[in-house]
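Visitor: Please find one structure pasted underneath; my questions will follow.
Laboratory data are not the source of any read-out in this text; all were calculated from the coordinates shown. The structure presented is a predicted model; accordingly, all values stated were derived computationally and were not measured. With ideal geometry, Cβ positions are generated from the backbone for all residues, glycine too; neighbour counts draw on all protein chains shown.
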């Protein structure tokens, strides 16, 4: 069986994560199945130099997010897991509550139900582990690729009274 991963891209800022994941999975010879939300398509055009068709061409298979009969909607469609990157709060809420009103959320629901690997589950487990050390834990996959150089500033040295 081919190593098969479902990749979901939603309309949150940071679609470059999903695009990069598609590229890296192709380099590792994974069969990729892409589900793009409508807003995700728009954000690709806004935030990247890629067109939607270029991103879709990176995947082996692309599905309409409204097609609830597509292969990833079924537990009999065997995958090695799923990643949703970026994931909007609305999508995360749908996944958490099994509110499967579109293919992306349904595919994530199947991934969790079938106990397949998911980045959301790994992130959740990492936060829970961190909470064994302290209560206030926040998780944000930010990186410097999303910050323009003009938004960065040189840190100011601490005054003697602040030390």
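Visitor: What FRET efficiency do you get for residue 47 and residue 69 if R0 is 25 Å and r is their Cβ-Cβ distance, rounded to the nearest 0.05?
Guide: So, using R0 = 25 Å, E works out to roughly 0.20.
Visitor: Ok, one more. Going by how many other beta carbons lie within 10 Å of each one, how would you line up 27, 45, 56, fewest first?
Guide: Ascending number of Cβ neighbours within 10 Å: 27, 45, 56.
Visitor: Just rank 60, 33, fewest to most, by other beta-carbon atoms within 10 angstrom.
Guide: Going from least to most buried by this count: 60, 33.
Visitor: Something else now. Using Cβ contacts closer than 10 Å as the measure, can you line up 58, 68 from fewest to most?
Guide: Going from least to most buried by this count: 68, 58.
Visitor: Please label the shape of the range 4-118 as rounded, prolate or oblate, based on the square roots a ≥ b ≥ c of the eigenvalues of the alpha-carbon gyration tensor (a/c under 1.5 means rounded; beyond that, a/b larger than b/c means prolate, else oblate).
Guide: oblate
Visitor: Provide the gained length on full extension for the span residue 76 to residue 13, in nm with one decimal, where the gain is 0.36 nm per separating residue minus the Cα-Cα distance.
Guide: Going from the current span to full extension adds 19.5 nm.
Visitor: With just the Cα atoms defining each centre, how far is the range 70-118 from the range 1-55? Give it in Å.
Guide: 15 Å
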